[in-house]
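The values are calculated or read from the model by the stated rules, or taken from the named source; none is laboratory data. What you see is a predicted model, and the numbers here were worked out from it, not measured in a lab. Keep in mind that these areas ignore ligands, DNA and RNA; they rest on the heavy atoms of the full protein, side chains included. Shrake-Rupley method; radii C 1.70, N 1.55, O 1.52, S 1.80 Å.
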Amino acid sequence: TTLNPIFPNPFNPTAGISYSLRESVPVELKIYNSRGQMVRSFSALPTQIGTHRLSWDGKDALGNACSSGVYLFILKAGEGTYTQKAILMK
């Protein structure tokens with residue numbers, strides 16, 4: 001199981017996110033800004049074995065555009081936690 005590097009990096013306006021699962025487990029992805037504030041979460045993600053892709057449009061949970069900066073992507077899959085960083089550059 002892994003969270004693949006965010007592509008492109010830096011990104012504007014959309015970040016491609018992909019992850020691979022070795023077993024069927026619950027999956028949750030949260031995105032944090034450099035101040036440690038959660039800006040977006042995805043919880044209804046595919047949980048089957050294989051590689052899955054989604055995209056983030058650079059907006060927070062309320063639909064507001066996020067500012068330029070470093071963002072931390074944290075994937076929780078079953079018992080494991082995986083992280084990647086990416087830069088939103090406007």
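Stretched out fully, how many nm does the piece from ILE87 to PHE7 gain, at 0.36 nm a residue minus the Cα gap? Spell out each step's value before the answer.
Details: separation 80, 0.36 × 80 = 28.80 nm, distance 1.01 nm.
So the chain would gain 27.8 nm between ILE87 and PHE7.
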| Separation between Cα centres of segment 16-58 and segment 59-73, rounded to whole Å | 15 Å
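What Kirkwood Rh does segment 1-50 have if only Cα atoms enter the pairwise 1/r average? Answer in Å.
12.3 Å
Which value, to two decimals, describes the C-alpha radius of gyration of the chain once divided by 2.2 N^0.38 Å? If you can, show how the numbers build up before the last one.
Details: Rg = 12.5 Å, N = 90, 2.2 N^0.38 = 12.2 Å.
In units of the 2.2 N^0.38 Å rule of thumb, it is 1.03.
Expressed as a whole percentage, what fraction of the accessible surface of segment 5-90 belongs to carbon and sulfur atoms when a 1.4 Å probe is rolled over the protein heavy atoms?
51 percent
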